[in-house]
Structures are given as structure tokens and as C-alpha cells.
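Engineer: Next up is a structure, given as C-alpha cells.
The values are calculated or read from the model by the stated rules, or taken from the named source; none is laboratory data. Keep in mind that this is a model prediction, so the values were computed, not measured. In this analysis, Cβ positions are derived from the backbone assuming ideal geometry, glycine residues included, and neighbour counts consider all displayed protein chains. Just so you know, the surface numbers come from the protein's heavy atoms only, side chains and all, with ligands and any DNA or RNA stripped out. Shrake-Rupley method; radii C 1.70, N 1.55, O 1.52, S 1.80 Å.
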Amino acid sequence: MSDNKRIKTALISVFYKDGLEEILSLLHADGVKFLSTGGTRSFIEGLGYECEAVEDLTGYPSILGGRVKTLHPKVFGGILNRRDNEGDRGQIAQYEIPEIDLVIVDLYPFRATVASGAPEADIIEKIDIGGISLIRAAAKNYNDVIIVASKAQYKPLVEMLKRNGKAESSLAERRWFAAQAFAVSSGYDTDIFNYFASTEVESPIEHTDELRIAFDDAKQMRYGENPHQKGTFFGDFDAMFTQLHGKEISYNNLLDIDAAVTLISEFTEPTFAVLKHNNACGLATRPTIAEAWKDALAGDPVSAFGGVLITNGTVDAAAAEEINKIFFEVIIAPAYTDDALEILKQKKNRIILIIKKPLDTTRQFRSILNGALVQDRDLKIETVEDLKQVTEKAITPEQAADLLFANKIVKNSKSNAIVLAKNGMLLASGVGQTSRVDALKQAIEKARSFGFDLHGAVMASDAFFPFPDCVEIAGEAGVTAVVHPGGSIRDQESVDYCNAHGIAMAITGFRHFKH
């Protein structure tokens, strides 16, 4: 049995009429009956097509200044009745309710009204009631009804009508339009929420800085993390960045860009970082951006291949000449000199971004199981005052600077994480390991593979050491100062080892897990 459904009656009530004429022509040619309200009805009749007024169907005029027009059982019963349900069919016949097979409706321009600076009374009147209800009803009954929820779906409807050659739709087509409709309704309600949440009012309810997404700004990615996965970005990328050059930004690019921006925000002195798979593989703070790039790259020139680069200073020609020598996906900076851009634009696919403002969200969201997790972003940045010395060996000012430097990096690395640093430079890190010892061994091996001398280096850990083995391994490798959150019942064993071997240790009291 075919799941195709014939469109016999269409309810049309829209704010935007551009593009509607072709739809009406195609439907009329296939004998579809029109049902409408107010201005849309006048538009349809102006094209020479007969159109029944919703008021004639319901027996009620538009009331309350137009607030109530379609909210009636004869309208919603016509949409929501299940054609294969015997009970529904009986009630439809009993109450003389016509079946409605197509609903074309859009919503009052709420966002545009807010943006225009209109008074609140006008804004409130743009909160659509009938339209949003029609959308939900028709989308819910997609098994029998096709819903077109915005002018953005006019073109797909025309293509469907032409492709099918008659006023018919398949179940797959109706389900696709239903999904688009729910995206429209979700975005519309989000806009309304954003308006009310942004209004300062005295309330006994504690306000929260929730994530605000404009679903109308949804951007379909080429694919997700892998080519067989679909990906969509919801948000306003252009509010934070200006893309000066390069190919379309991918799903994975966005993940790395987010990690890069979050990491670089920790540093105020001239700093350059190289990231791969959301982790820093090179980072250095130096007097100039060119010097910072040189030492950031030296941290791991192998992993830097195809990475994401970010700096907090202007990229000049001297830096660009060196940067241009390697292949990378993305570079992010607050500014570039003209000469630098001329050099960097030599590779056509290279993505060049200007960051216009810092990341200012205070919440993080993650889908999980059949729900979502929400948490405050980890905005804690330790200072010298947070370094509580717990060893006999005093922490020198130089070590304190390196400990804070390393701690910023480990905070932004995947757990379990260990960072080794010296003189404002990332020597190596071990990230994403199932044991902290493995993370440390990975970091030591990596540092040695690039010829770094670990004597005088510092070590930072994202969480406490449950056993003294990590400080023992680090001490044997040449590490002379350690920072970690502390809090293990066996902290003292690590402290004792440090005291016995002249290693300085500080605890901060702040854990930085990053899963």
C-alpha cells in the first residue's frame, strides 16, 4: 500500500507572500481547495482562485483584534484527525469537519520587530499563537498532513509538487517538512525566550546565563567528525570572527577553534599556540609573536602539521614568513599586517580568521544519554596567591611563573593530562590517558624525542597524584617543581619524596578535569 497522500484541501495563512503565487498555481491546477484568512485570502482571490474564509468554516469571525482566527476545532480537527482511525473518521463526519491535507503558514516577525527597536506592546503582539499551533498540529500529524512552516520551505514544496507531477506527497517528504517545521518553532520560541531573559526585572527567581541559540542561524556542515556523520552548527560564528581567506570551515575545525580560543584567553603576554585534536601540541610566551611562534613550533613540529594556530598578538611579515613554511588548517589572530596576509594567502584553502571578541559564554552544554549536561565553564585562572607551597624547597619566582604557565595548558588539555614546561615554553604533554603515570611517561618520551633537556623543567597535573609514582618519575627525569590540585589521602607521600630530592611542590586546591 502506497504511503502517498493526495492534497485536497490546503489551509494557507502567511505573513510573507513572496513566492506563494507559484505554489498556488500548481495546487490550483490539481484541483486543490483553498482555505484562508484575512490578507492571505484576499491575495489568493486576487489571483483569480476561489478561497473559503476560515470564518465561514468555523462560524466565528476573527476576534480580539486578530488574536483569535484559526483556533477552532473545525480547523485543528481537520488537521489532526488520523485518516486511518475509525473513531477519528466518525467524529469528523459527525461534526462536519473537513480534512486539511496541507498547511502553509509562517510566523509573525518577532525577531525583526525586536531588532527594529519597537515598543514592547508591538513586540508582544508579534508573539504568534495561531501560527505556532498550526505548525505543531500539522507537524505532529505528518503521517497525513504536509506542513510548510516558513518561506524558506516554499522552494522545496514547489520542487516536490513539480517532481511528483500532481498534488501528492510521500511519507518521507511529509516527515522531512515536519522536521523543518519543528526547527522553525524551536527557533521562534528561543527568540522569545531571549527577549524576555534579556529584560532586567526584579524577581525572586535566580537568573541563569543559559545558552541562547538562534536556530535560524543554523549552518549545515559538509559532515560531522567523520564523512558518514551529518553535522550542524547552531550559533553566530560571524559575531566572533571574520574569515579573511580559505575554504569552508568544517565541524572539526570548529571544535579546534573553540579549544584554541579558550586556551589563548588564559594568556596576556605575547603567546602563540598550536593545537591538534583540541589539545595544545606547542605553546610559547615570548617578547614577540615571531619568537613565540618559533618556540611553539619547536615543541612538536610533527604534530603541528595540519594543526590549528592561534595567537593573541598581531601577525607581522616576520612571523608569517616562518608560519608559511608548514602546512596548517587554520590560523587565528586579532590582527595581521598587510604584508603578513599577502604571505599567508598563498595557500588557497588555508583558513585565516580574525577574532573580534573573546569567548564570553559562561555555560557548556553536552548531549548525553537521552538528555543533556549543563555546567559552568572552567573560568578559574590560578595566580601566584593560589600556589600553596607544601615542600621544604622554596618555589623561586621563575618556577612560579612556569608553574602557572603549565597549569593554564594542563587545564585546557584532555584528562588525564600532564604538562612539562620550562622558560615559558611547552616542552611536551601527555593527554587523554587512562592513567596519570602513562600521561607523564608519554610527555617525557615526547620531550626527549625532540631533544629537550628536562632538567629544571616544571610539571603540572590536572588532578592530584594518588600515589608518589608520578613525582618519582618526574624527579628522575629532571623536573624541579610540581603543581597539582592536591586532595589525595596520600599527598604526603608525594611531598616526602619531593623533600628528599630537593623538588619544590605547590598545590592549588582547584582540579581541572577535561573529559
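Engineer: Which one of K393, K356 is modelled with pLDDT under 95 and of a type in the set (K, R)?
Structural biologist: K356
Engineer: Can you list residue pairs whose Cβ atoms sit under 8 Å apart, with the first residue in the range 3-24 being of a type in the set (S, T, Y) and the second being open to solvent by 60 Å² or more (accessible area, probe 1.4 Å)? Count only pairs 6 or more apart in sequence or on different chains.
Structural biologist: From residues that are of a type in the set (S, T, Y), the pairs are T9/K33; T9/E99; S13/K69; Y16/K151.
Residues checked against (1) outside any loop (DSSP other than H, G, I, E, B); (2) under 21 Å from the mean Cα position of the chain (by Cα); (3) more than 22 Å from G451 (Cβ to Cβ); (4) aromatic (F, W, Y):
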residue	(1), (2), (3), (4)
I257	yes, yes, yes, no
L283	yes, no, no, no
A290	yes, no, no, no
A320	yes, no, yes, no
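Engineer: If the Cβ limit is 7 Å and pairs must be 6+ apart or interchain, which residue in the range 156-182 that is of a type in the set (V, I, T) pairs with which residue that is open to solvent by 10 Å² or more (accessible area, probe 1.4 Å)?
Structural biologist: If the second residue must be open to solvent by 10 Å² or more (accessible area, probe 1.4 Å), the pairs left are V158/E22; V158/L26.
Engineer: Let me spell it out: the conditions are (1) under 19 Å from L20 (Cβ atoms); (2) in a helix (DSSP H, G or I); (3) hydroxyl-bearing (S, T, Y), and Y108 meets all of them except one. Which number is the exception?
Structural biologist: For Y108, the exception is condition (2).
Engineer: Is there any pair with a first residue in the range 77-89 that is more than 14 Å from A137 (Cα to Cα) and a second that is modelled with pLDDT of 80 or more and open to solvent by 20 Å² or more (accessible area, probe 1.4 Å) whose Cβ atoms are under 6 Å apart and which are 6 or more apart or on different chains, and what are they?
Structural biologist: D88/R82
Engineer: Something else about it: Filter the range 117-142 for residues that are open to solvent by less than 50 Å² (accessible area, probe 1.4 Å) and not in a helix (DSSP H, G or I); which is farthest from F193 (Cα to Cα)?
Structural biologist: This residue is N141.
So that you can scan it fast, the table gives a plain yes or no per residue for (1) within 16 Å of S429 (Cα to Cα); (2) open to solvent by 20 Å² or more (accessible area, probe 1.4 Å):
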{"residue": "L255", "(1), (2)": "no, yes"}
{"residue": "T262", "(1), (2)": "no, yes"}
{"residue": "L283", "(1), (2)": "yes, no"}
{"residue": "A292", "(1), (2)": "no, no"}
{"residue": "A304", "(1), (2)": "yes, no"}
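Engineer: One residue is enough: does the range 384-397 have a residue meeting the conditions in contact (Cβ under 8 Å) with a residue 24 or more places away in the chain and exposed (fewer than 12 other Cβ atoms within 10 Å of the Cβ)?
Structural biologist: yes
Engineer: Hey, any hits in the range 329-345 for a residue that's in contact with a Leu (Cβ under 7 Å, 6 or more places away or on another chain), free of Cβ contacts under 8 Å to residues at least 24 places away in the same chain and open to solvent by less than 90 Å² (accessible area, probe 1.4 Å)?
Structural biologist: Checked the range 329-345: at least one residue is in contact with a Leu (Cβ under 7 Å, 6 or more places away or on another chain), free of Cβ contacts under 8 Å to residues at least 24 places away in the same chain and open to solvent by less than 90 Å² (accessible area, probe 1.4 Å).
Engineer: I would also like to ask the following. Tell me, yes or no, whether the range 307-317 has at least one residue that is open to solvent by 20 Å² or more (accessible area, probe 1.4 Å), out of contact with any Ser or Thr (no Cβ under 7 Å at 6 or more places or on another chain) and either in a strand (DSSP E or B) or not basic (K, R) (or both).
Structural biologist: Looking for residues that are open to solvent by 20 Å² or more (accessible area, probe 1.4 Å), out of contact with any Ser or Thr (no Cβ under 7 Å at 6 or more places or on another chain) and either in a strand (DSSP E or B) or not basic (K, R) (or both), one finds none in the range 307-317, hence no.
Engineer: What residue, among those in the range 19-51 that are of a type in the set (D, E, K, R) and in contact with a Lys or Arg (Cβ under 7 Å, 6 or more places away or on another chain), is least open to solvent (accessible area, probe 1.4 Å)?
Structural biologist: D30
Engineer: Among the listed residues K414, K393, identify the single one that is in a loop (DSSP other than H, G, I, E, B), in contact with a strand residue (DSSP E or B) (Cβ under 8 Å, 6 or more places away or on another chain), more than 26 Å from E493 (Cβ to Cβ) and not hydrophobic (A, V, I, L, M, F, W, C).
Structural biologist: K414 is the lone residue from the list that is in a loop (DSSP other than H, G, I, E, B), in contact with a strand residue (DSSP E or B) (Cβ under 8 Å, 6 or more places away or on another chain), more than 26 Å from E493 (Cβ to Cβ) and not hydrophobic (A, V, I, L, M, F, W, C).
Engineer: How many residues does the range 1-18 hold that are open to solvent by less than 50 Å² (accessible area, probe 1.4 Å) and among the polar types (S, T, N, Q)?
Structural biologist: Qualifying residue count for the region: 2.
Engineer: Then there's this: Take the range 352-379 and flag every residue that is assigned to a loop (DSSP other than H, G, I, E, B), under 30 Å from V483 (Cβ atoms) and open to solvent by 60 Å² or more (accessible area, probe 1.4 Å).
Structural biologist: Scanning the range 352-379 gives P358, D360, D378, L379.
Engineer: Okay, moving on. At least 1 residues that are among the polar types (S, T, N, Q) and open to solvent by less than 30 Å² (accessible area, probe 1.4 Å) in each: list the strands (runs of 3 or more DSSP E) lying fully within the range 433-515 that qualify.
Structural biologist: 458-461
Engineer: Still on this structure: Can you name every residue in the range 91-116 that is of a type outside the set (D, E) and open to solvent by less than 40 Å² (accessible area, probe 1.4 Å)?
Structural biologist: Answer for the range 91-116, where residues must be of a type outside the set (D, E) and open to solvent by less than 40 Å² (accessible area, probe 1.4 Å): I92, I97, I100, L102, V103, I104, V105, L107, P109, F110, T113.
Engineer: Looking at the range 143-172 only, could you name the residues that are open to solvent by less than 30 Å² (accessible area, probe 1.4 Å), of a type outside the set (G, A, S) and under 20 Å from G78 (Cα atoms)?
Structural biologist: Those that are open to solvent by less than 30 Å² (accessible area, probe 1.4 Å), of a type outside the set (G, A, S) and under 20 Å from G78 (Cα atoms): D144, V145, I146, I147, V148.
Engineer: Out of F450, F465, report the one residue that is in contact with a strand residue (DSSP E or B) (Cβ under 8 Å, 6 or more places away or on another chain) and farther than 22 Å from N423 by Cβ.
Structural biologist: Only one candidate qualifies: F465.
Engineer: Could you list all residues from the range 329-377 that are over 29 Å from P270 (Cβ atoms) and in contact with a helix residue (DSSP H, G or I) (Cβ under 9 Å, 6 or more places away or on another chain)?
Structural biologist: none
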